[in-house]
Amino acid sequence: MFQGVRRFQAVDRVRAYALSVVGILCQAGEPQIIQKVIEGDMIETCRVSIEVGSELCKVIGIHILETILQDQMGLSGICSDNRLSELMKTLEHMVAVLARNQDASPRLLFHIIRCYILLCGDMRGLSIVKKNLPQHFTNDFFRKTTEEHPNIRELLDQLLLTVGAH
């Protein structure tokens, strides 16, 4: 059992290192890099890392997605096919996970809200976000977290204003 845990931790560290390299490349904001990341299906890799990785892998994965969404080509690429519905399922799942344990990762919640906001920059993305906005965002469920982290409150308010739920 212990050996299995150690293997998982080793694999997770490799995943974190690989994601970090991609994240650093994406931060440069070069359109060619964003295009290669989209073509290489890194979006799916990030999505899976967000669902099953360690907290570090989750944060790096969501940060990469956030960087891709900040690029117009990246935003269009995510919002133009079934990637959007899969990403929405992952984001909704992570909001539900964070709702069960609000002390888990305010940083992850911050980046998730930013992704929702960035998705609203595309008409299709805005429509899907409006239809699928987690109730935990609209019913003040994260009050404790937003009181402790005003920057998260500001982002959540911005998201709610953007989708007309505030």
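The values are calculated or read from the model by the stated rules, or taken from the named source; none is laboratory data. Since this is a predicted model, take the numbers as computed values, not measurements. Positions of Cβ are generated from backbone atoms using ideal geometry, with glycine treated the same way; all protein chains shown enter the neighbour counts.
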Residue list for segment 93-102, restricted to those being within 18 Å of residue 129 (Cα to Cα), surrounded by fewer than 17 Cβ atoms within 10 Å (Cβ to Cβ) and not small (Gly, Ala, Ser)
93
Test: residue in segment 51-66 that is polar (S, T, N, Q), surrounded by fewer than 20 Cβ atoms within 10 Å (Cβ to Cβ), touching a residue at least 12 places away in the same chain (Cβ under 8 Å) and in a helix (DSSP H, G or I)
no
Only one of (1) in a helix (DSSP H, G or I); (2) on the phi > 0 side of the Ramachandran plot does not apply to residue 78, and that is (2)
Among what's in segment 135-166 and is of a type in the set (Phe, Trp, Tyr) and under 14 Å from residue 112 (Cα atoms), pick the residue that is surrounded by the fewest Cβ atoms within 10 Å (Cβ to Cβ).
137
Filter result for residue 83 (at pLDDT below 90 and within 23 Å of residue 21 (Cβ to Cβ)):
yes
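Out of 89, 58, report the one residue that is in contact with a Ser or Thr (Cβ under 8 Å, 6 or more places away or on another chain) and under 22 Å from residue 141 (Cα atoms).
Exactly one residue qualifies, and that residue is 58.
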